[in-house]
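What follows is a set of notes on a single structure, which appears directly below.
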Amino acid sequence: MNISHIEHIGIAVENLDEAIKYYENVLGMKCYSIEEVVDQKVKTAFFLVGDTKIELLESTSPDGPIGKYIAKKGQGIHHIAFAVNSTNTALKQAEERGVELIDKVSRKGAEGLNIGFLHPKSTLGVLTELCSKNEN
Ligand code: ZN
């Protein structure tokens, strides 16, 4: 599947402003981007740690995926995202290896990346995102 690194860790938060304060004032990181992803019903904030990002996710609607997640499980780690060469190729490989997909083909996520999710039923309970800058 050609995973090069952990692209980001997605963390569901109830309040983005409060969460940013913790990451900046306690952990000493710097938020470099805030972006709303309308079709995911989230507002995101990004921090860079080495090659890996922390993606904070605040729901903009209770019926969005993060809104539902927080209602059920509370705040916390929501997903892990691996960087691959081509998300579509990696999704296809995962499906061939018996993984249930949430996304059959990639779609646009935050930062213009091509993203696709594997179902946690098939990934030992970890919601797994694959992402790539380019698509084949
Ligand atoms: Zn993500």
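Bear in mind these aren't lab numbers, they're just calculated from the coordinates by the rules spelled out. All of these numbers come straight from a predicted model, not from anything done at the bench. Reconstructed Cβ throughout: ideal geometry from the backbone, glycine too, with neighbour counts over all protein chains shown.
List of remarks:
- Among the trypsin sites (Lys or Arg not before Pro) within region 14-96, those in coil by DSSP and having at most 15 neighbouring Cβ atoms inside 10 Å are Lys30.
- Label point at Leu27 placed 7 Å out along Cα→Cβ; residues across region 74-94 whose backbone nitrogen lies under 11 Å: 77
- For region 12-50 versus region 62-136, the inter-centroid distance based on Cα atoms is 19 Å.
- Value of relative contact order over region 3-132, rounded to a whole percent, pairs C-alpha under 8 Å and six or more apart: 25 percent
- Crossing angle, helix 87-96 versus the chain [Cα axis fit, 0-90 degrees, rounded to tens]: 60 degrees
- Theoretical gain in end-to-end length, Lys92 to Lys73 [0.36 nm per residue, Cα-Cα removed]: 3.8 nm
- Neighbour-limited loop hits for GluC sites (Glu not before Pro), region 46-136 (at most 15 other Cβ within 10 Å; DSSP other than H, G, I, E, B): Glu100, Glu135
- Two-site FRET efficiency, Lys108 against Ile80, from Cβ-Cβ distance with R₀ of 22 Å, rounded to 0.05: 0.65
- Cα-based Rg of the chain normalised by 2.2 N^0.38 Å, two decimals: 1.03
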